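I have placed the structure first, in the form of structure tokens, so that the comments after it can refer back to it.
The values are calculated or read from the model by the stated rules, or taken from the named source; none is laboratory data. The structure presented is a predicted model; accordingly, all values stated were derived computationally and were not measured. A quick note on method: Cβ atoms are made from the backbone with ideal geometry, for glycine too, and the neighbour counts reach across all protein chains shown. Side chains are part of the model used for accessible areas, which takes the heavy atoms of the whole protein and leaves out ligands, DNA and RNA. Shrake-Rupley method; radii C 1.70, N 1.55, O 1.52, S 1.80 Å.
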Amino acid sequence: MSEGIMTTTKTFSTILIANRGEIACRIIKTAKAQGYHTVAIYSPIDSNSPHVKLADTAIALGDNNVENSYLNSDKIFIAAKVSNADAIHPGYGFFSENADFALRCSEQNITFIGPSSEAIRMMGCKRQAKLAMLAADVPCIPGYEGETQNDSALLQQAERIQWPVMIKASAGGGGRGMRLVHNKNDFIEQLPLARSEASKAFGSDDVILEKALINARHIEVQIFADHFGNVIYLGERDCTLQRRHQKIIEEAPSPVVNETLRTAMGQAAVKAAKTCHYVGAGTVEFLLDQQQNFYFLEMNTRLQ
């Protein structure tokens, strides 16, 4: 279970790991221990890599360019067909949060070891995810998630929220399309920059707005869910130490989370997963303010 292998309503016997490196090795070892036949994929430069040697079968992708190998879905599905793989594990990165890839697996009667395409799509859109969490009564940061996206309406909403405000790209993460603004002039200057960055990175310039929580801690809760509606939460990770919105150090357990708070955050994470009918390993991220109030931030729909 540790690498995302789960009980499903459909049985499978051969797993293609659509990844490379240490995560592919971890998945292969776990899958083999559970009796599954494993298939590795590799580009020429990786032909002698550990994941290739560990797998029962290895399929060459024929190009060192990652866009034409590990990120080429056509080649991956050809490899699955050649190797008779009836399941694909994406690991993390690459196709792990790609709703279209998960849907294509379903269409080709291949088990995607992870969440459904619908869950990936919902949680991949900050606006849709937050609306779903609000409807499920999961604590959320006050803000604006509306469809009206013209500049004047967004400015009006930012002033309603009150400064400081975070501008966030609705369609993505990783700090791209994100700006912290402290006043009206700052907002007017930063909004088009955030929109442009979001459009280039994610193909959409839609944004959401949130009240900026200053000196908040970034806490992540690991969850696992099966096809029968069962969801559990494990420990939390404190990811507060970041640079440019990218985590540098993860500390587990968090030094500021007590048992009462841990239980509350865990139950909220489970509720978030059940709201989108989640399956597999996932991470629900929260912000924790200085008064020990926590708020849903986003969900990573993949093994982490």
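The table below lists the values:
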quantity: Probe 1.4 Å, accessible area per residue of segment 153-241, Å²; calculated: 46 Å²
quantity: For the chain, with +1 on Lys and Arg beta carbons and -1 on Asp and Glu, the positive-most of 120, 280, 16 along the dipole; calculated: 16
quantity: Rounded to 10°, Cα long-axis angle of helix 184-202 versus longest principal axis of the chain; calculated: 10 degrees
quantity: Distance histogram in 5 Å bins (all Cα pairs of segment 1-140, percent per bin); calculated: 2, 10, 20, 22, 18, 12, 7, 5, 3, 1, 0
quantity: Positive-end extreme of charge dipole, segment 66-196 - chosen from 111, 154, 181 (charges on Cβ); calculated: 181
quantity: Surface share of carbon and sulfur [accessible, 1.4 angstrom probe, percent] for the chain; calculated: 49 percent
quantity: Cα centroid of segment 70-84 to Cα centroid of segment 15-56, whole Å; calculated: 14 Å
quantity: Chymotrypsin sites (Phe, Trp or Tyr not before Pro) lying in DSSP loop within segment 195-235, provided at most 11 other Cβ fall within 10 Å; calculated: 228
quantity: Globularity index of the chain, i.e. its alpha-carbon radius of gyration over 2.2 N^0.38 Å; calculated: 1.06
quantity: Added length on full extension, which subtracts the Cα-Cα distance from 0.36 nm per residue, residue 53 to residue 155; calculated: 31.1 nm
quantity: Total formal charge among the other residues, if their Cβ is under 11 angstrom from that of residue 179, Lys/Arg +1 and Asp/Glu -1; calculated: 0
quantity: Lys, Arg +1 and Asp, Glu -1 on Cβ, resulting dipole of segment 130-263 about Cα centre, debye, nearest 20; calculated: 360 debye
quantity: Alpha-carbon centroid distance for the pair segment 161-221 / segment 253-304, whole angstrom; calculated: 21 Å
quantity: The chain - mean residue ellipticity at 222 nm from DSSP helices (-39,500 (n - 2.57) per run, n ≥ 4, rounded to 500); calculated: -10000 deg cm²/dmol
quantity: Farthest toward positive dipole pole in the chain [+1 Lys/Arg, -1 Asp/Glu at C-beta], among 194, 68, 134; calculated: 68
quantity: The chain: relative contact order in percent, alpha carbon pairs under 8 Å with at least 6 residues between; calculated: 16 percent
quantity: nm² value of the averaged projected area, convex hull over the Cα atoms of segment 166-295; calculated: 8.8 nm²
quantity: Angle between the chain longest axis and helix 259-275 axis [Cα atoms, degrees, rounded to 10]; calculated: 70 degrees
quantity: Partners for residue 81 among lysines (Cα-Cα distance below 23 Å; same-chain residues under 8 apart left out); calculated: 10, 29, 32, 53
quantity: Nearby lysines by direct alpha-carbon distance to residue 211 (threshold 29 angstrom, same-chain neighbours under 8 apart not counted); calculated: 126, 130, 168, 184, 200, 247, 271, 274
